[in-house]
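Written out below as structure tokens is the structure these notes cover.
The values are calculated or read from the model by the stated rules, or taken from the named source; none is laboratory data. Only a predicted model underlies this, so the values are computations on that prediction, with no experimental measurement involved. Glycine gets a Cβ as well: all are built from the backbone with ideal geometry, and neighbour counts include every protein chain shown.
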Amino acid sequence: MIEVSTCFAKFGTKKNEIRWAIAVFPSHHPKDYMRACVVEEMTQVLGLPNDSNAVKPSIFNDQSHYFELTPHDRLMVKMLYDPRITVGMPRGQAIRSATAFLNELRRR
């Protein structure tokens, strides 16, 4: 897989908590590309695991050409680790908490 892949990461959970992670970065890519791989994969093992073409602007959108986290990406990480968002929280409650987080940012 290393020979045909760009870079990838995987993490394991127990009771909805991330317990371990591994990231693989093949060394045959240019330095700038490798940096983008590290940024994306390390952020994904923090809990934002999936790429999406619906997320814009973002390093997690395979159609974009970002090599660093965008302000949008940083916001998603901050929101994910906001104390109001907890492990195993029901989806509806998580959405309400995330909305409250975003509303606080808008008032600043």
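The C-beta contact set for region 35-59 (first residue under 16 Å from K78 (Cα atoms), second residue surrounded by 15 or more Cβ atoms within 10 Å (Cβ to Cβ) and of a type in the set (D, E, K, R), distance under 7 angstrom, 6+ apart or interchain) comprises T43/D73; S58/D73; I59/E40; I59/D73. Within region 8-20, being modelled with pLDDT of 85 or more and assigned to a loop (DSSP other than H, G, I, E, B) holds for one residue alone: K15.
Annotation: S27 fulfils all but one of (1) touching a strand residue (DSSP E or B) at 6+ places or on another chain (Cβ under 8 Å); (2) at negative phi; the unmet one is (1). Only one entry in V87, V77, V45, V39 is at pLDDT below 90 and β-branched (V, I, T), namely V87.
As a summary of the residue check, L69 satisfies the conditions (1) surrounded by fewer than 17 Cβ atoms within 10 Å (Cβ to Cβ); (2) in contact (Cβ under 8 Å) with a residue 24 or more places away in the chain; (3) in a loop (DSSP other than H, G, I, E, B); (4) not small (G, A, S) except for the one numbered (1). Being in contact with a helix residue (DSSP H, G or I) (Cβ under 9 Å, 6 or more places away or on another chain), closer than 22 Å to M89 by Cα and modelled with pLDDT of 85 or more is a condition met by at least one residue of region 21-30. Applying a threshold of 7 Å to beta carbon distances and a minimum spacing of six or more residues, or different chains, the list of pairs starting in region 95-108 at a residue that is aromatic (F, W, Y) and ending at one that is part of a helix (DSSP H, G or I) and surrounded by 12 or more Cβ atoms within 10 Å (Cβ to Cβ) reads F101/M79.
Quick grid of which residues meet (1) surrounded by fewer than 12 Cβ atoms within 10 Å (Cβ to Cβ); (2) in a loop (DSSP other than H, G, I, E, B); (3) under 13 Å from the mean Cα position of the chain (by Cα):
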{"residue": "M34", "(1), (2), (3)": "no, no, no"}
{"residue": "L48", "(1), (2), (3)": "no, yes, yes"}
{"residue": "R74", "(1), (2), (3)": "no, no, yes"}
{"residue": "L105", "(1), (2), (3)": "yes, no, no"}
